[in-house]
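Each remark here refers to the structure printed beneath this line.
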Amino acid sequence: MAAKGSLATAIRTVRKARGLSQEAFSDVSSRTYMSLLERNLQSPTLHKLTELCEVMEVHPLTLLTLAYAGDSTRMADELLAQVRQELEAVLKERDAP
């Protein structure tokens with residue numbers, strides 16, 4: 001499944017929606033790094049993504065959903081239903097004797 005948008009676009013979208021400047025991330029990142037992320041020239045680690053999401057006050061899954069579903073709430077609903085289904089299957093398989 002390919003991302004409809006991109007993580008870079010999702011980061012920029014949420015940052016701007018929250019009214020945050022790139023400088024607002026100074027406790028966890030440099031402005032230069034934020035610019036690289038938003039221009040899709042660098043990819044964050046999971047740890048860094050979590051730190052960025054804490055500043056933006058969103059769950060990392062929200063950011064990833066936005067990257068995969070773009071601005072389509074219907075696609076987001078379908079994606080989240082798929083995630084729930086796959087999660088339940090993995091946990092069921094894990095707990096199977």
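Computed from the coordinates by the stated procedures, all read-outs in this text should not be read as laboratory data. A quick note: this is a predicted structure, and the numbers were derived from the prediction, not measured. Here the Cβ is made from the backbone with ideal geometry for all residues, glycine too, and neighbour counts use every protein chain on show.
Within the range 62-82, take every residue that is among the hydrophobic types (A, V, I, L, M, F, W, C) and free of Cβ contacts under 8 Å to residues at least 12 places away in the same chain and give me the one that is surrounded by the fewest Cβ atoms within 10 Å (Cβ to Cβ).
81
Could you list all residues from the range 8-47 that are surrounded by 14 or more Cβ atoms within 10 Å (Cβ to Cβ) and touching a Ser or Thr at 6+ places or on another chain (Cβ under 7 Å)?
22 - this is the single residue of the range 8-47 that is surrounded by 14 or more Cβ atoms within 10 Å (Cβ to Cβ) and touching a Ser or Thr at 6+ places or on another chain (Cβ under 7 Å).
Has the range 30-52 got at least one residue that is over 11 Å from the mean Cα position of the chain (by Cα), among the β-branched types (Val, Ile, Thr) and part of a helix (DSSP H, G or I)?
yes
Could you check the range 3-43 and list, in sequence order, the residues that are within 29 Å of residue 74 (Cβ to Cβ) and either free of Cβ contacts under 8 Å to residues at least 12 places away in the same chain or polar (S, T, N, Q) (or both)?
Listed by number, the residues that qualify are 6, 9, 13, 16, 17, 19, 40, 43.
Test residue 41 against the criterion of being of a type in the set (A, V, I, L, M, F, W, C) and within 16 Å of residue 8 (Cα to Cα), and give yes or no.
It is true that residue 41 is of a type in the set (A, V, I, L, M, F, W, C) and within 16 Å of residue 8 (Cα to Cα).
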